[in-house]
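Reading through the structure tokens given below for one structure.
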Amino acid sequence: MLSPFRRSRRTRQFAVLLWTLVSVVVIDFALGALFRVPADPRIEPSRLQRFFNYGRSIEGKLRALIEPDDKQSGPIVVAGWIDSTCRRTTPNDSGSLGVSIFGNSFSGQLTDAIRKLDPTISVEEYLGPGAPPNHSYACFVEENSFGGDHNDVQIIGVTASSLPRMETIWGVTTSFEYPQPFTFPRYRLGADGNLIAHEPSVRSPDDLRRILSDRTKWDDWLAELSANDYFYVRSLTAEDLADKSVMTRMVQRGFGQYISRSRMAKLHGDDGRFAAPDIVDVLPKLIGNFARIARDSGKRPIVVLIEEYGYGGALMPLLRTTLAQDHIEYVYSGDFVPANDLRNYASDGHFSPESNVKIATALLKIVDEKQVNIAQAEK
């Protein structure tokens, strides 16, 4: 039998533990209430609201972003979908040179720089947030198959940081903290060396609404991701009780970052370069097909290789042979904007305006037929 002193000591220890747990719950609840994200998904969260929401599951974030119609939903919900973004009629009746650019925000900033440098060029952009080459290629094929693109020059921008997304079909699996819910095909090489595409069954914001309102359809989508998306993790995707707590969300965020880094690392070889077959084998095929399709339709294909900070030297080893053998015109950002020089970047991680002008100027020397003719005459 315990002595009164020992019973009292255990009672005090239990009380301390109990009050500690109560305090943690109160703090957790208070943080959740104080930094709750805005109910209207069109309102940008504050930095702290975003920080305490990063670890919420993908499903939980999507339910907060998606409203019954596109106009009421968060802007990111409607961005980048191939069936809507890549089916536009782009007549060029002005007689000026017409250019179509496929890529992500880096390509979009190059588009802005081109317009400022030469307002006479008619430029159309087909972009997705952080879009990888498989999205850009599929978008190009869709736009050209649709028959609405009448521009003479077709450009694909390839960013080195987007290459891991070639192993995915859904933008959110590599953007867990801030989901980008557009989808795109994943390509593999068949035994005959030709591309085999897995087309995702979810192709629009309305498709997202349907699967989020039907548990069976949602589970079917998760099964499709499990089979076709290298970065899919069910515990980070499906909504659960962890979403209710700020502290468990923070733990889940750390787990998400760990998983992402681990899987990213496995895509590289011992030399640090990309080594995954669905990147190193598929990317040259995508670019070669892009050039062939553009030429078959009487258009000029151009590739812009964009290497960002930490990715210097990633792209040329993958594409040098294809660019040379298929005689594809290209611009390599590293020739004008060294990837690992921080002075070339803005605070948001994109290139600075000055850097974009340098790359756009080099691109214009290829794009602008007058510049090409002058260069040929000088030779």
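The table for this structure:
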{"quantity": "Cut-off 13 Å, label 7 Å out along Cα→Cβ of ASP112, residues of the range 343-357 by amide N", "calculated": "346-357"}
{"quantity": "Neighbour net charge for PHE102 - beta-carbon separation under 9 angstrom, K R +1, D E -1", "calculated": "-2"}
{"quantity": "Normalised contact order of the chain, rounded percent, pairs of Cα under 8 Å and 6 or more residues apart", "calculated": "18"}
{"quantity": "Relative packing of 36-49, 147-160, which averages over residues the other C-beta atoms within 10 Å, highest first", "calculated": "147-160, 36-49"}
{"quantity": "Charge dipole magnitude, Cβ of K and R +1, D and E -1 - the chain, Cα centre, debye nearest 20", "calculated": "2120"}
{"quantity": "With Cα atoms, 0 to 90° folded angle of helix 246-265 axis to the chain main axis", "calculated": "40"}
{"quantity": "Paramagnetic label zone (point 7 Å from Cα along Cα-to-C-beta, ASP240; backbone N under 15 Å) in the range 59-85", "calculated": "59-60"}
{"quantity": "Ellipticity estimate at 222 nm from DSSP helix runs (n ≥ 4, -39,500 (n - 2.57)) divided over the chain, nearest 500", "calculated": "-14500 deg cm²/dmol"}
{"quantity": "Computed Rg/Rh of the range 244-287, alpha carbon atoms with Kirkwood Rh", "calculated": "1.26"}
{"quantity": "Signed unit charges on C-beta, dipole axis of the chain, positive-most listed residue TYR232, GLY193, LEU319", "calculated": "TYR232"}
{"quantity": "Paramagnetic label zone (point 7 Å from Cα along Cα-to-C-beta, ALA265; backbone N under 12 Å) in the range 154-179", "calculated": "none"}
{"quantity": "Rel. contact order, % - alpha carbon contacts under 8 angstrom, at least six apart, the range 152-249", "calculated": "23"}
{"quantity": "Lysine pairs with alpha-carbon atoms under 16 Å apart, the chain, spacing 8 or more or separate chains", "calculated": "5"}
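Read-outs: derived from the displayed coordinates by stated rules, not from any lab. The structure presented is a predicted model; accordingly, all values stated were derived computationally and were not measured. Glycine gets a Cβ as well: all are built from the backbone with ideal geometry, and neighbour counts include every protein chain shown.
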